[in-house]
1. What net charge is computed for the residues neighbouring Phe48, neighbours being all others with C-beta under 15 Å from the C-beta of Phe48, Lys and Arg scored +1, Asp and Glu -1?
2. What longest range of the chain stays clear of loop-exposed trypsin sites (Lys or Arg not before Pro) (DSSP non-H/G/I/E/B, at most 15 other C-beta within 10 angstrom)?
3. Taking the Cα centre of the chain as the origin and placing charges on Cβ (Lys, Arg +1; Asp, Glu -1), which of His101, Thr68, Ala114 is farthest toward the positive end of the dipole?
4. Once you put a point 7 Å from the Cα of Arg121 and another 7 Å from the Cα of Asp165, both along the Cβ direction, what distance in nm separates them?
5. Per Stokes-Einstein, at 25 °C and 0.890 mPa s, what whole-number D in µm² s⁻¹ belongs to the chain, with the Kirkwood radius over Cα pairs as the hydrodynamic radius?
6. Using a Gaussian network for the chain with springs between C-alpha atoms less than 10 Å apart, which of these wobbles most: Val87, Val171, Val210?
7. Give me a comma-separated list of calculated 3J(HN,Hα) values for the range 199-208, in order, Karplus coefficients 6.51, -1.76, 1.60 applied at θ = phi - 60°, integers in Hz, x for any Gly or Pro.
8. Taking 28 Å as the cut-off for C-alpha to C-alpha distance, list the pairs among Lys185/Lys215; Lys66/Lys185; Lys66/Lys111 that go past it.
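Read the figures in this text as sums done on the coordinates, not as results from a lab. The structure presented is a predicted model; accordingly, all values stated were derived computationally and were not measured. No Cβ is skipped: glycine too gets one built from the backbone with ideal geometry, and neighbour counts run over all protein chains shown.
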Amino acid sequence: MHAIRFTNVSKDYRMQRQRSFLAKDTLARLFRRGAPDQRVHALVDVDFTIERGEVVGVIGQNGSGKSTLLALAARTSYPSRGTVSVVGRIGPLLELGAGFHPSLTGRENIKLNASLLGLSRAEVAERLPAIVEYSGIGEFEHSSIQTYSTGMTARLGFAVLAHLDPDVLLVDEALSVGDAEFQSKCLATMQQFLARGTTVLMVSHDLGTVRSFCKRVLWMEHGRLRMDGPAGEVIDAYLGQIAH
């Protein structure tokens, strides 16, 4: 059974023109009224299926559609055309800490974030001490998030997600958070997810990490899926293309 399936998926974004209130610009807008909107095609007719337990990397240059693809899989965005199907509990390691409330403490944000990501109240209470210990925030547990550094916030976000037990893990450059010690802890957690048979879809510019974790790789280019195959073959083809 599939874990993730994209079927003829396209995603368009409307271009936002900078507003000006000068008389000449106001007149220009009036004359342009009725003209079609400018749109950016972030994804174009993307098709792939990932089976349960597969670990798949996504590579490509900036603007190729990698993060848009993950956002659709995470259901934080929706396709303009086509269908996206994801089966099971999703663990989105995307913008770590993006959902935290700045006026709440670290402890309060753990409870809120874990609940939003699907844990029951009992599960949150049971896992709370382990999440705090894993994050390494220590005495700042009862301090407002707005007093945290960017690294501390990211560590707290990863700590919550590390205790989710997701069926599908979506990773967007999240393994580079914190210092070397915490990065090592992140990689160890990833290995535990893989050992449990968690399905993983990982975006990274670190091709060494992708090569070591993933057996299969999707190469995105200008919003299209250019290549889908064994990790070594796809990464070598990608490196050969960008070398020219």
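1. On the way: positive: Arg5, Lys11, Arg52, Lys66, Lys215, Arg216, Arg224, Arg226; negative: Asp45, Asp47, Glu51, Glu54, Glu221, Asp228.
Neighbourhood net charge equals +2.
2. Numbers: sites that count: Arg17, Arg19, Arg33, Arg52, Arg75, Arg89, Arg196, Lys215.
That would be 90-195.
3. Projecting each Cα onto the dipole axis, the largest value belongs to Thr68.
4. 2.0 nm
5. Details: Rh = 19.7 Å.
In µm²/s, the coefficient is 125.
6. It is Val87.
7. 6, 10, 10, 10, 9, 7, 8, 7, 5, x
8. Numbers: Lys185/Lys215 22 Å; Lys66/Lys185 25 Å; Lys66/Lys111 30 Å.
Table pairs above 28 Å Cα-Cα are Lys66/Lys111.
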